[in-house]
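Peer 1: Just dropping this structure here.
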Amino acid sequence: MKRPTVLVLGAGYGGLATVVNLQKKIGTDDMDVVLINKNDYHYESTWLHEASAGTLKPEDVRYDISKVINENKVKFVKAVVEAIDVDGKKVTTDAGDFSYDFLVIGLGFEGETFGIQGLDQYALSIADVNEARKIREHIEYQFAMWSTEEEKDDSRLTIVVGGAGFTGIEFLGELGNRVPELCKEFDVPKEKVRVICVEAAPMVLPGFDPELVTYAVSQLESKGIEFSIGTPVVEATPEGVKIKKKDDEFEFIKAGTVVWAAGVRGNSLIESTPIESKRARVAVREDMRAPGYDDVFIVGDCAFLMNEDAGRPYPPTAQIAMQQGVTVAENIIALANGKPTHKFVPDLKGTVCSLGEDDAIGDIFDGKKVTGTTASFMKKMIDNRALYMIGGLPLVVKKGKFKFF
Ligand code: FAD
Ligand code: NAD
């Protein structure tokens, strides 16, 4: 084979892990690696709840892609991918067309609204760094308007969070700390503010350890957060959300801010390709290639993988996306050298869910449970480890989290 061209779409955890692992293992003349991303920075999606609540600034959660790529081995192109032609082996972007020998699709997640009326127009979503900035500014605007308007509309100070999965709970944890700061900043009495989490399932963090869930709920409730459980959001309007309480019983919650955190799907560009997918996630083969396409790999949240032992899919996480990037890099090098690919085997290290700056819950390794500052310390170490895996020690020193207690 001539010197192959490897095109990597998306500089999220999966795409960047693929590229940095390729650049570690190839020589400058082995292949042409091209990374395409819509921004010239990578953002830590796993920190977006902090940028959304305003406990971190947008610039804190991102870094320049040029800082982590070796420009002798990888060419970076800032462009928006518009179409992927897997039969013609061509990708169309707003900066021109690109052909490839191997394609890696790592275009990440989008918020899932399940077709619920009004959510697209009236709810905000923790989807990327710009959306996170919008959420923070929207909440600040509502506080500012309340304190300056003569006839006060208290519903401006109601924040509804749809979904009590990990994203919803982590965002609530940040709000629990941020709301007192906002009250002080905008002269708003704390008792005027309502933060309500609406969850469809009969429990918070469905499927997670019940003891840890009880801890999380009581910690969040102690900061004034309310929960409405087993009550799906069925509609959003400019004034708030409608929730279903019982069969024919509905309630309307008037709210100035609605943040939708009730699940994710893959990037919708996947659905305009002939590759079979469900909610824009592709059931990949064991070496991370798309079914029917030997030259197309899928990484991260656009990939769907079954955990056969547990009988359910692996969750779309940064932890798995980065591990997939390592395997994809190895498999591309194997194919380029006429060797067989190998199977991706996830190495799950557990889950730690933050409840704000100084608190968290964690279910790690073989069922070991941690809470409070110990869990919070672990969460920051996990965040720092993700930086280390992509950019080594210099990136940890520049962007890492070192405020422990
Ligand atoms: P992403 O990280 O979503 O990156 C996709 C990239 O593609 C982005 O750079 C984007 O700009 C780019 N892109 C998208 N469309 C285009 C286009 N058309 N053209 C060009 N570029 C494009 N997981 C964990 O393991 N641990 C956690 O603690 C954790 N916390 C989370 C907290 C929050 C608030 C959220 C929302 C998610 C969290 N997750 C966590 C899940 C994790 O963030 C995702 O699984 C992970 O980001 C998926 O990585 P990815 O590489 O697939 O894509
Ligand atoms: P999720 O699918 O895990 O949770 C979504 C929640 O929304 C569920 O509890 C669901 O019952 C609820 N929901 C669905 N429809 C609803 C409706 N109509 N009304 C009210 N509630 C509704 O999604 P997520 O929390 O965005 O997480 C996405 C992925 O990111 C997951 O894989 C998760 O593991 C990962 N993540 C991990 C961490 C961490 O490890 N700390 C943090 C955030 C996200």
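Peer 1: Need one word for the stretch 283-405: rounded, prolate or oblate. Basis is the Cα gyration tensor (sqrt eigenvalues a ≥ b ≥ c); a/c below 1.5 gives rounded, then a/b vs b/c decides.
Peer 2: oblate
Peer 1: Can I ask one more? In which sequence would THR317, THR18 go, from the one with the fewest C-beta neighbours within 10 Å to the one with the most? The partial results should precede the final answer.
Peer 2: Values: THR317 18, THR18 33.
Taking fewest neighbouring Cβ atoms as first place, the list is THR317, THR18.
Peer 1: Beyond 25 Å, what percent of the Cα pairs of the stretch 76-216 remain?
Peer 2: Every Cα pair in the stretch 76-216 considered, those over 25 Å come to 49 percent.
Peer 1: Report Rg (one decimal) and Dmax (nearest whole number) for the chain, counting Cα atoms only, units Å.
Peer 2: Looking at the chain, its Cα Rg and Dmax stand at 21.9, 73 Å.
Peer 1: Same structure, new question: Taking a quarter of the surface of the convex hull around the Cα atoms of the stretch 28-69, what do you get in nm²?
Peer 2: Working: hull surface 14.9 nm².
Answer in nm², one decimal: 3.7.
Peer 1: What does the net charge come to around PRO346 if you take all other residues with beta carbon closer than 12 Å to its beta carbon, with K and R at +1 and D and E at -1?
Peer 2: On the way: positive: LYS343, LYS349; negative: GLU286, GLU308, ASP309, ASP347.
The answer is -2.
Peer 1: Is the stretch 286-328 rounded, prolate or oblate when judged by the Cα gyration tensor, a ≥ b ≥ c being the square roots of its eigenvalues, rounded requiring a/c under 1.5 and prolate requiring a/b larger than b/c?
Peer 2: On the way: a/c = 2.11, a/b = 1.32, b/c = 1.60.
Verdict is oblate for the stretch 286-328.
Peer 1: Treating only the Cβ of Lys, Arg, Asp and Glu as charged (+1, +1, -1, -1), what charge dipole size does the chain show about its Cα centre? Round to the nearest 20 debye. Before the final figure, lay out the partial values.
Peer 2: Values: 48 positive and 62 negative charges, 241 e Å.
Rounded to the nearest 20 debye, it is 1160 debye.
Peer 1: Let me ask another. At 222 nm, what helix-only mean residue ellipticity would the chain give, in deg cm²/dmol to the nearest 500, using -39500 (n - 2.57) for each DSSP H run of four or more? Write down the numbers at each step before the final one.
Peer 2: Working: 8 runs with 124 residues, N = 405.
Taking each H run of at least 4 residues, the total per residue is -10000 deg cm²/dmol.
Peer 1: What number do you get for the stretch 323-364 when its Cα radius of gyration is normalised by 2.2 N^0.38 Å, N = residues? Walk me through the numbers on the way to the answer.
Peer 2: Values: Rg = 17.0 Å, N = 42, 2.2 N^0.38 = 9.1 Å.
Ratio of Cα Rg to 2.2 N^0.38 Å: 1.87.
Peer 1: Further question: Hey, for a label at SER272 modelled as a point 7 Å past Cα toward Cβ, could you say which residues of the stretch 1-41 have their backbone N under 19 Å away?
Peer 2: Once the point is set 7 Å along Cα→Cβ of SER272, 8-11, 36-39 turn out to lie under 19 Å by backbone N, inside the stretch 1-41.
Peer 1: Also, quick follow-up: Could you work out the local net charge near SER155, counting Lys and Arg as +1, Asp and Glu as -1, over the other residues with Cβ closer than 15 Å to its Cβ? Walk me through the numbers on the way to the answer.
Peer 2: On the way: positive: LYS152, ARG156, LYS192, ARG194, LYS242, LYS254; negative: GLU149, GLU151, ASP153, ASP154, GLU191, GLU226, GLU239, GLU251.
It works out to a net charge of -2.
Peer 1: Return the tail of the calculated pair distribution for the stretch 129-194, meaning the percent of Cα-Cα pairs more than 20 Å apart. Please report the intermediate quantities before stating the final value.
Peer 2: On the way: 579 of 2145 pairs.
Across the stretch 129-194, Cα pairs with separations above 20 Å total 27 percent.
Peer 1: Further question: Which of GLY118, GLY162, GLY12 moves the most in a Gaussian network model of the chain with Cα springs under 10 Å?
Peer 2: GLY118
Peer 1: Additional query: Report the Rg/Rh value for the stretch 96-152, based on alpha-carbon coordinates and the Kirkwood definition of Rh. Walk me through the numbers before you get to the answer.
Peer 2: Numbers: Rg = 18.6 Å, Rh = 15.1 Å.
Expressed as Rg/Rh, it is 1.23.
Peer 1: Going toward the positive end of the dipole of the chain, with +1 on Lys and Arg Cβ and -1 on Asp and Glu Cβ, which of HIS138, ASN70, VAL188 do you reach last?
Peer 2: ASN70
Peer 1: Among ASP366, ASP294, ASP32, which comes first, second and so on when ranked by fewest other beta-carbon atoms within 10 Å? Mind showing how you got there, number by number?
Peer 2: Numbers: ASP366 6, ASP294 12, ASP32 15.
So the ranking, lowest neighbour count to highest, is ASP366, ASP294, ASP32.
Peer 1: In a Gaussian network model over the chain where Cα atoms closer than 10 Å are linked, find which of LEU22, LEU172, LEU395 has the largest mean-square fluctuation.
Peer 2: LEU395
Peer 1: Taking only Cα atoms and a 10 Å spring cutoff, compute GNM fluctuations for the chain and point out the largest among GLU271, GLU211, GLU110.
Peer 2: So, out of GLU271, GLU211, GLU110, the one fluctuating most is GLU211.
Peer 1: Hey, another quick one. Can you give the alpha-carbon Rg of the stretch 1-151 over 2.2 N^0.38 Å, where N counts its residues?
Peer 2: Numbers: Rg = 19.2 Å, N = 151, 2.2 N^0.38 = 14.8 Å.
Dividing the Cα Rg of the stretch 1-151 by 2.2 N^0.38 Å gives 1.30.
Peer 1: May I ask you to sort SER52, SER218 by Cβ crowding, counting other Cβ atoms within 10 Å and putting the fewest first?
Peer 2: Ordered by Cβ neighbours within 10 Å, fewest first: SER218, SER52.
Only the coordinates and a few stated rules stand behind these numbers; no lab work does. Computed from a prediction, not measured in an experiment: that's the story for all the values here. Glycine gets a Cβ as well: all are built from the backbone with ideal geometry, and neighbour counts include every protein chain shown.
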